[in-house]
1. Name the residues in the stretch 644-663 that are of a type outside the set (A, V, I, L, M) and outside any helix (DSSP H, G or I), would you?
2. Where the second residue is of a type in the set (V, I, T) and surrounded by 20 or more Cβ atoms within 10 Å (Cβ to Cβ) and the first is within 22 Å of W372 (Cα to Cα) and in the same structural domain as S156 (by TED's automatic domain parsing) and lies in the stretch 385-402, which pairs have Cβ atoms under 6 Å and are six or more apart or on separate chains?
3. Need the failing condition index for A282 against (1) surrounded by fewer than 22 Cβ atoms within 10 Å (Cβ to Cβ); (2) not in a helix (DSSP H, G or I), just the number.
4. Residues of the stretch 248-265 being touching a helix residue (DSSP H, G or I) at 6+ places or on another chain (Cβ under 7 Å) and not hydrophobic (A, V, I, L, M, F, W, C), which ones?
5. Tell me whether the stretch 464-479 contains one or more residues that are touching an Asp or Glu at 6+ places or on another chain (Cβ under 8 Å) and assigned to a loop (DSSP other than H, G, I, E, B).
6. Looking only at the stretch 439-450, decide whether some residue is free of Cβ contacts under 8 Å to residues at least 24 places away in the same chain, farther than 30 Å from V174 by Cβ and touching a helix residue (DSSP H, G or I) at 6+ places or on another chain (Cβ under 7 Å).
7. Give A466, A438, A478, A419 a once-over and let me know the one that is of a type in the set (G, A, S), within 30 Å of Q161 (Cα to Cα) and not assigned by TED's automatic domain parsing to the domain that holds T257.
8. Can you name the number of the only condition in (1) closer than 24 Å to V189 by Cβ; (2) out of contact with any His (no Cβ under 7 Å at 6 or more places or on another chain) that K281 fails?
Amino acid sequence: MFQEIQQRIQTRFVDAVREAFKLEVAAPTLDTPPNLEMGDISLAACFELAKQLRQAPRKIADQLIPLLSSLEGIERVTVAGAGYLNFHLDRAEAAAKLFAQRVGKTQGPAQAGPAMPGKILVEHTSINPNKAAHIGHLRNAVLGDTFARLLRFSGSNVEVQNYIDNTGVQVADVVVGFQHLEKKTPAEVEALIHTPSPRFDYYCWDLYARVFQLYEDDKTSLAWRAQALKDIEEGHGETAALAELISTAIVRAHLATMLRLNIQYDVLVQESEILRLDFWKAALEVLKRQKAIRFESQGKNAGCWVMDLAAPATEGESESAEAGDTKIIVRSNGTVTYVGKDIAYHLWKFALLGKDFGYAPFHRYPDGREVWRTTVSGQADAPPFGRASAAYAVIDTRQSYLQNVVKAAFHALGYHDRAANLHHFAYEVVGLSARCAAEMGITLTEEDRQRPYVEVSGRKGQGVKADDLIDTLIARAAEEVSSRGMAEDAAEAQSCARKIAVAALRYFLLKYSRRVIIAFDFKEALAFEGETGPYLQYTIVRARNIFRKFAESHVGFDAAELSHAVSAEQMQQFYKGSDAASFWEITRLAGQLESTVAQAISSEEPAVAAKYAFRLAQAFNNFYHHFHILSETDATRQQFLLYLVCLTERTLTLATEQMGIEIPERM
């Protein structure tokens, strides 16, 4: 609701400048005055106008005030300092509208708006289907899932994709392990898949590390990898069948792991179909036709198809040996590089390839939501996937160079608008604190203990499997639930522990800027005080307990009716009385949810939303300790305090929903 007022101010200011000075200006940037007594929204645009109009900023502001004062939702406009325009909201009216939006029975789902046009694709997780997920994958998935939730809250049409590289080197390595180290047939591997212990994705985790060690010890064994990769890409024979068996089983394990963190997908895009349906051949023809790539007949890249890059590779690039003025797209032996397949995939995302996948249902979530998977033929009634107006790829910073090559390809093809809407949602790696690594059984050297974080490596078998981390978090949370007496029975205790553990993990991965390397720590994440997921949950439970206790002595109490319990005149008095600053501070903060979500989307930084939720929780707890709500003797004042509790609880609940955090019954 406050976002609407801000947009109204910006629109009216543009109109007012046009009317007063016959001048066209852009929508001004809004700010907040140094203190609430000076106003609620500040505007410094008169200083910029002074250069064009050759008038003092304050004189310009004085001329604009009459054209701005009748703005809906604004009580008055004042001039401060040398020419700042300060807008004072009608606080009682703003609070009433915000309450109706958050709590009113006739209101539809809250959303931040304005929605982004068309369909927005968010590709995240994209784990190689060769072993169990680890903690680094969780940061990717939590960032992507939260960003998709924020987009949906803004009203955007969002499609969540998970790219499955089921024909790559990592899958080939596990196939090599089964064929050459363990001498297992596809039937024996399938039996392993259905064996409950050890879990198949865990079994492959260990096998993958053994294969990596094999390559280190015997370089000639790399020929097995090359042959397996060729057989898998061509899709023929027992090797390809084994790769399909393994990757499908691992993908199902990954879906189960991510569901534990409330993460779901719409479609799984498999690399095998990009090959089988000749997506790359179609993309190659487009690139050749538009002269986006050229054939090198001499020099170090002789026999290759290369693309000229408009700009040098950015920091964090991979494949640095090929970084420079050109990028090899097709090698001299005719095989396509990884980025070539990625170009084809991204052209499909924007419906620029002239080809589409087939689709078939792959998995149904407990809530009935269907996950589809790409196929060669597929079902005729499949949803229309792809066809994006904007696409976000959640991929770590080490892949920045390759993502820039894809964008360069779009520019080379003349798709400049699409290139601008192709976003690399980059993030840094996540490691473990030394304390956490030791608790998870990782052997540490003294040097490891001195480092800011402990790196994990799936190839070396050193790391923390995602499910092990989640299990440990749940066990630690269960200890807290038991010691604090939070649950009435074992089932509730388990549910409560799971929700607390998920909140702890998700918030920890979200509260840092995605550009920061983080070290996960159990003790820090699970704390009930400070900037943590459990603190947010505890705050909401505290607010709900107030209503529960109040309802015990007030039969038929309905929080939605609080809007009628305090008259407009009484509301005005509360927002102008001795406690007005405290009341308005929490109201104003609760009204910033939508603008905060918009900021998180525009900056591509979910941490903005996480930090906001923490600030609101802090403000509410300060309010709770300052005002004794349930023991308040003035009935009208008590109703007003409950009004603010309800407003905050509903806002904080919406904020935590965007982070995938569920709220326990008790804490």
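1. G660, E662 - these are the residues of the stretch 644-663 that are of a type outside the set (A, V, I, L, M) and outside any helix (DSSP H, G or I).
2. Every condition considered, the pairs that remain are F385/V267; A390/I120; Y392/V122.
3. Result: A282 passes all but (2).
4. Answer for the stretch 248-265, where residues must be touching a helix residue (DSSP H, G or I) at 6+ places or on another chain (Cβ under 7 Å) and not hydrophobic (A, V, I, L, M, F, W, C): T257, R260, N262.
5. Within the stretch 464-479, not a single residue is touching an Asp or Glu at 6+ places or on another chain (Cβ under 8 Å) and assigned to a loop (DSSP other than H, G, I, E, B).
6. Among the residues of the stretch 439-450, at least one is free of Cβ contacts under 8 Å to residues at least 24 places away in the same chain, farther than 30 Å from V174 by Cβ and touching a helix residue (DSSP H, G or I) at 6+ places or on another chain (Cβ under 7 Å), which makes the answer yes.
7. Going through A466, A438, A478, A419 in turn, the sole match is A466.
8. Condition not satisfied by K281: (1).
The values are calculated or read from the model by the stated rules, or taken from the named source; none is laboratory data. These numbers come from a predicted model, not from an experiment. With ideal geometry, Cβ positions are generated from the backbone for all residues, glycine too; neighbour counts draw on all protein chains shown.
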